[in-house]
Every structure is written in structure tokens, then in C-alpha cells.
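Okay, so here's the structure we're looking at.
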Amino acid sequence: MIPFLDLNLVNAPYLDAIEAASLRVIRSGWYILGEELAAFERAFANYCQVGHCVGVANGLDAITLIFKAMDFPPGSEVIVPANTYIASVLPLSFLHLTPVLVEPDPYTMLLDASLVEAHITTKTRAILTVDLYGRSCEMDAISALAETYDLKIVTDAAQAHGTKYQGKKVGSIAHATAFSFYPTKNLGALGDAGAVTTSDETLAKKIRYLRNYGSQQRYKNEYQGVNSRLDEIQAAILNVKLPYLDKENERRREIAGRYLDEIKLSQLILPPADRVQEDSWHLFVVRHPERQRLISYLESKSIQTNVHYPLPVHKQLAYKSMAQLILPVTEQIHEEVISLPLNPVMSDEEVAYIIETINQFDS
Ligand SMILES: *Cc1c(COP(=O)(O)O)cnc(C)c1O
């Protein structure tokens, strides 16, 4: 079986270094908000070519703390793509902001910048772009709108570590960017972890307080904060893995390039091939009108696939309030997408076998 993603294999090259780093923390007697986190925050800010990085407990909290720090009045509207993981939308609900779902471009499957303006009202305060699958949104068009209407841009880059847009690193483009280091992400911890990057020093400082009960100095609380800290062991593990992120993304690009060149199956829609080198290829998402038949066929040939995602946010029980929304592009995407295995530990033979097997599917 070619697994969709085998985390044992992904982490195998780093295990000795990870064990040494973890042991160092364990024996140090300092487990929360210490040197490992400070070092990771510097290294990741540097990697993203941005002034500030604040480590937090996970990607969901990274998005939540950005909006909490921005402190928009309750009922403010935030534009968000309808084709996303539910974690992009939940933080808005927690903070009593109103998510305004906008359809994706059917080809990139990312927020369609040309549809955003029609959804802007006097209550709109921000646009949350989601660099889904590892590709950046159309930031030129979105930035122009944000400027015209005085909106903040926040990016959910949980799937986009190392992605670029016109040569600029994701993490340095939006007003603030949220990252997740969930184990399956391009840069994954061995547990939960996340971070916010921003060039806004005031915002970074506020998020730094908010993640620690709203406190800068112990027992003095300036804000009603939360407990959302990135612990020292996870930070130490991320310090081990970060230097290899570019090399791993390079391997992902190589595989994506081969899939794009060599998969040839009528009715199968491949992702756009215009930004292979800027995309970090967290997921390689194709579309087929007979999804289940293709998934079963691949499984019968020992190829494991996945679906990101099977049910859109507005069709979830958790969002009954949005059930009346009509979002046909999003709904069709959710019925047709299949994620093929794409990760840095796949062999050339596995890649060739996947291509050959797909090309033999009779559709
Ligand atoms: C993984 C993910 C998140 C959430 O990250 P966690 O660390 O699991 O909280 C948010 N948005 C997107 C698009 C994701 O893929």
C-alpha cells in the first residue's frame, strides 16, 4: 500500500536530532516560554522574511488570537472563502464576528478575488485569505480592494509554509498570518503547535500577551487573554525540522511537476500549473466527476487517497445558520476533489506507479 502520508517515515530522518533536542528540554527543567520558543520565533520570522513571529498552541488559536487582537466590534463582517477547512471560520464565530462566505475560483479553488467586492458592506472589516493546498491567493487584487475599502488582510497559511507570491514569502504579505504545525503540515511538530507572523509590532506584542492570559508581567493582566502557548519540547522539535523545510518543499515541487506533466486522463482536472515553483504543495488536489469510483480503483491498486474536504462549512450541522446559502462552485468542488499522495518521503518509483495507475483508469 502507498499510504497517503506516513508520519513515521516523514520524521525518520530527524529522529536522532529530535530525541536529543527533546531530552535537552526535559533535562533543562524549563518547559514553557523559554529559550527554545524564543529561538524558533526568531528563526521562523526570519524564514518568512517578516519582523515578528509569536508561537501559539495551534493553528486555530493563531487565527483566533489575530482577530482577538484586532478587536473589531461584534457583528463586524469578515470575508472568508467558502472552500476551506472549518478551522478558518470557527474563530470568527467564537469572537462574534460574521463570516461572509465567498465562492472560489473554480480552477484554483481559492477565494475568487473578482467576487469579493460585491460582498463588502459598511460592516466589513477584514478579508481572511486561505492559502489552501499550499498555493497563495491572488494577493494583488485582494490588497487593492483592502486598500480601497480600508480592510485588514489576514491569511490562514496553515497549509502554506514556504509558499511564495510574486517572490514574497507567505507570512510577510498579509497584515497578519496564521500558521499551524500540526504533525501532517509541511512543517509539523510531534503534537499541536502554531504561530502568528506579522510586521506590525504592536499587534505582535498584543498577541504575545493574549496567548499568556493577557499578561506581560506575571500576575499583571492587561487583557482578558487565554492559555495558548507553544511548549518548549514542540519548539525544540520545530527548531530541528525548520532548516529542512525548503528541501522538503523542493521535493514536493518535483513530484507535483511530474504529476502535472505526466498524468493524462480525460475528465480528470489537475491543479493549475502556472506556479509550481511558488506553491508549497501541501496537497495535490485533483477533480473527477466519478470520485468514488476513482478512489475505489486506486485503493484496489494499493494507492491511498484522501478528500479535502467532503462537506463544506455551510453544510455542516455546526453551521445550520448558513444552510440556506447557495454556493454551487464550492458544493461541486466538495463532491469532486481527491487528494493524491504527495509528500517528501515518496520514492520516484511510487510516483511513477501512481501516474501509470491513474492513466489506466477507464473513464
Ligand atoms: C490545519 C488547518 C488549520 C488548523 O490548524 P490546527 O493546528 O489543527 O488548529 C486551519 N486552517 C487550515 C486551512 C488548516 O489546514
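With all protein chains in place and a 1.4 Å probe, the accessible surface of the chain carries 51 percent carbon and sulfur. Taking 7 Å steps out from each Cα toward its Cβ at H119 and D140 produces label points 2.2 nm apart.
With contacts taken as Cα pairs under 8 Å at a separation of at least 6 residues, the stretch 1-137 carries a relative contact order of 18 percent. Distance between the pseudo-spin-label points of D261 and E35 (7 Å out from Cα toward the beta carbon): 4.7 nm. Helix content alone sets the calculated 222 nm mean residue ellipticity of the chain: runs of n ≥ 4 DSSP H residues at -39500 (n - 2.57) each, divided across all residues, give -11000 deg cm²/dmol.
Expressed as a whole percent, how much of the Cα-Cα distance distribution for the stretch 85-219 exceeds 25 Å? Mind showing how you got there, number by number?
Working: 2506 of 9045 pairs.
Value for the stretch 85-219: 28 percent of Cα pairs lie more than 25 Å apart.
Please report the orientation-averaged projected area of the chain, defined via the convex hull of its C-alpha atoms, in nm². Mind showing how you got there, number by number?
Details: hull surface 72.7 nm².
Result: a mean projected hull area of 18.2 nm².
Return the ratio Rg/(2.2 N^0.38 Å) for the stretch 107-148, where Rg is computed over Cα atoms only.
Details: Rg = 10.6 Å, N = 42, 2.2 N^0.38 = 9.1 Å.
Normalised Rg, Cα atoms only: 1.16.
Computed from phi, the 3J(HN,Hα) profile of the stretch 180-192 under the Karplus parametrisation 6.51, -1.76, 1.60 (θ = phi - 60°) reads 10, 10, 3, x, 7, 6, 4, 10, x, 7, 10, x, 8 Hz, with x in place of Gly and Pro. In order along the stretch 338-350, phi translates into HN-Hα couplings of 9, 9, 7, x, 8, 7, x, 9, 6, 8, 4, 5, 5 Hz, rounded to whole numbers, per the Karplus curve 6.51 cos²θ - 1.76 cosθ + 1.60 with θ = phi - 60° and x for Gly and Pro. Taking the Cα centre of the stretch 155-284 as the origin and placing charges on Cβ (Lys, Arg +1; Asp, Glu -1), which of T197, Y213, A273 is farthest toward the positive end of the dipole? Most positive-ward Cα: Y213. Sorting the segments 283-296, 175-188, 147-160 by their residues' average number of neighbouring beta-carbon atoms within 10 angstrom, most packed first, yields 175-188, 147-160, 283-296. Coordinate range of the alpha-carbon atoms in the stretch 8-146 per principal axis, descending: 56, 35, 26 Å.
When the dipole is taken about the Cα centre of the stretch 1-59, and only Lys, Arg (+1) and Asp, Glu (-1) are charged at their Cβ, what size is it in debye, to the nearest 20?
Details: 3 positive and 6 negative charges, 25 e Å.
Approximately 120 debye in magnitude.
Classified by the C-alpha gyration tensor, the stretch 1-71 has an oblate form. Its axis ratio a/c, with a ≥ b ≥ c, is 1.5 or above, and a/b does not exceed b/c.
For the stretch 218-258, run through the trypsin sites (Lys or Arg not before Pro) and keep only the ones in DSSP coil with at most 14 other Cβ atoms within 10 Å of their Cβ.
Numbers: sites: R218, K220, R229, K241, K247, R251, R252, R253, R258; in loops: R218, R229.
Listed in order of number, the matching sites are R218.
Computed about the Cα centre, the dipole magnitude for the chain is approximately 1080 debye when only Lys and Arg (+1) and Asp and Glu (-1) carry charge, each at its Cβ. One Cα centroid belongs to the stretch 44-76, the other to the stretch 193-230; the line between them spans 9 Å. Counting only Cβ charges, +1 for Lys and Arg and -1 for Asp and Glu, the dipole size of the stretch 1-132 around its Cα centre is about 360 debye.
Could you report the chain's accessible area per residue, 1.4 Å probe, as an integer in Å²?
Per residue, the chain has an accessible area of 44 Å².
Under conditions of 37 °C and 0.692 mPa s, the stretch 235-284 yields 266 µm² s⁻¹ as its translational diffusion coefficient, taking Rh as the Kirkwood radius over Cα pairs in the Stokes-Einstein equation. Computed from phi, the 3J(HN,Hα) profile of the stretch 197-212 under the Karplus parametrisation 6.51, -1.76, 1.60 (θ = phi - 60°) reads 10, 6, 9, 8, 5, 5, 5, 4, 4, 5, 5, 4, 6, 4, 5, 10 Hz, with x in place of Gly and Pro.
The values are calculated or read from the model by the stated rules, or taken from the named source; none is laboratory data. Remember, predicted model here, so these are calculated numbers, not experimental data. Please note: Cβ atoms are built from the backbone with ideal geometry, for glycine as well, and neighbour counts cover all protein chains shown. Side chains are part of the model used for accessible areas, which takes the heavy atoms of the whole protein and leaves out ligands, DNA and RNA. Shrake-Rupley method; radii C 1.70, N 1.55, O 1.52, S 1.80 Å.
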